[in-house]
1. Please go through the range 243-288 and pick out each residue that is touching a residue at least 40 places away in the same chain (Cβ under 8 Å), over 28 Å from Cys196 (Cβ atoms) and surrounded by 14 or more Cβ atoms within 10 Å (Cβ to Cβ).
2. Please state which of the following conditions Leu185 fails to meet, knowing it meets all the rest: (1) more than 24 Å from Thr291 (Cα to Cα); (2) open to solvent by less than 50 Å² (accessible area, probe 1.4 Å); (3) in contact with a Leu (Cβ under 8 Å, 6 or more places away or on another chain); (4) in a helix (DSSP H, G or I).
3. So which helices (runs of 4 or more DSSP H) stay within the range 46-147 end to end and still have 3 or more residues that are touching a Cys at 6+ places or on another chain (Cβ under 8 Å)?
4. Somewhere in the range 292-312, is a residue touching a His at 6+ places or on another chain (Cβ under 8 Å) and either surrounded by 15 or more Cβ atoms within 10 Å (Cβ to Cβ) or not assigned by the TED database to the domain that holds Gly68 (or both)?
5. State all residues of the range 67-98 that are surrounded by 23 or more Cβ atoms within 10 Å (Cβ to Cβ) and under 23 Å from Leu22 (Cα atoms); if no residue qualifies, say none.
6. Quickly run through the range 216-235 and pick out the residues that are open to solvent by 50 Å² or more (accessible area, probe 1.4 Å) and not in a helix (DSSP H, G or I).
7. Which one of the conditions (1) over 22 Å from the mean Cα position of the chain (by Cα); (2) open to solvent by 30 Å² or more (accessible area, probe 1.4 Å); (3) not small (Gly, Ala, Ser) does Arg318 fail to meet, given that it meets all the rest?
8. Can you find a residue that is of a type outside the set (S, T, N, Q) and in contact with a His (Cβ under 6 Å, 6 or more places away or on another chain) anywhere in the range 65-77?
Amino acid sequence: MRAGYSIFLLILSLTVCNAGKLSNTFYKNTCPQVEKIVREIIQIHTRNNPSLGAQLIRMQFHDCFVRGCDASVLLDTVSNSKAEKEAIPNQSLGGFDVIDDIKAAIERVCPKVVSCADILALAARDAISSPFKKSMWSVQLGRRDGRVSLATEISGNLPSPFANFTSLVQLFKGKGLNVNDLVVLSGAHTLGDSRCGAFSRRLYNFTRKGDADPSLDPTYAKILRKKCPNPASPAITVEMDPGSSLSFDNHYYDILLQKKGLFVSDAALLTDKNSNKIVTRLQRSRSLFFTAFAKSMKKMAAIGVLTGNAGEIRQNCRVVNP
């Protein structure tokens, strides 16, 4: 009797421990088709929107760096309390409709089982992976959704495009990420574009004397000034990785070493000896970048996750459960 009871307690304790951890097989018994559903819907959307990978990886980054990876960035504003998506850095986020489509499809098959946080993690991975016809990194699952989303919490939690190296390192360290993760995850800037306002100071008034940033290639700065008149128009965007903004590769490090990184925060990666070495290594090998990116994404996707009984499984990703 005692032996049987001891075994029961052991099994119970293991169950409780596993309930608080992310796992590659989290939905094996409750929703085994979840990854297939996400992948198929992403494939449909990427055919019509080749920039979806850039949109969703940015959305995941912005979600995880504020309150952890809890899908708080997906919540809509309620009453007078503005949600995260209303904050200025998040107003250019895209892909919310895709997450809605995926959530609706999964709810029809596995109601009240799969979190929006897990859907976002899978969707971002699959949107990047779609052109490669294979998964570029594994995604551990088991996150639960947060119930709070505040625009006021964005400041100080998302890295600024104007940040210097010291500020970037401190911010990433606070999220459990190191210098290597900083340089590797910055490689996601190989995808997508940016509004001129995020870098126009580098072109026209870097030291408030009407000058350009000396760390930016002068010829490239001239090209950017033609594309982005002063004052900056929010309607104009520029590729972050010229000529390669729809391709997930290590080309970002090429342009970085050519002093063509778009943001101050990009150029900052060359101001530290160790960071500069990492940039050079990643520039030399696409396969090394892919491997490193997979490792850093696993770390980033685990920032401040809610597991076990924390949070909830939202039925609609835009609103908390009643």
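The values are calculated or read from the model by the stated rules, or taken from the named source; none is laboratory data. Note that this is a predicted model, so its numbers are computed, not measured. Every residue, glycine among them, receives a Cβ derived from its backbone with ideal geometry; neighbour counts consider all protein chains shown. Note: areas computed on protein heavy atoms with side chains; ligands, DNA, RNA excluded. Shrake-Rupley method; radii C 1.70, N 1.55, O 1.52, S 1.80 Å.
1. Ile278
2. In the conditions (1) more than 24 Å from Thr291 (Cα to Cα); (2) open to solvent by less than 50 Å² (accessible area, probe 1.4 Å); (3) in contact with a Leu (Cβ under 8 Å, 6 or more places away or on another chain); (4) in a helix (DSSP H, G or I), Leu185 misses (1) alone.
3. 96-109, 116-129
4. Within the range 292-312 (the criterion being touching a His at 6+ places or on another chain (Cβ under 8 Å) and either surrounded by 15 or more Cβ atoms within 10 Å (Cβ to Cβ) or not assigned by the TED database to the domain that holds Gly68 (or both)), the answer is no, since none of the residues qualifies.
5. Scanning the range 67-98 gives Cys69, Asp70, Ala71, Ser72, Val73, Leu74, Leu75.
6. If the condition is that a residue be open to solvent by 50 Å² or more (accessible area, probe 1.4 Å) and not in a helix (DSSP H, G or I), then Pro229, Asn230, Pro231, Pro234, Ala235 are the ones that fit.
7. (1)
8. Yes, the conditions are met somewhere in the range 65-77.
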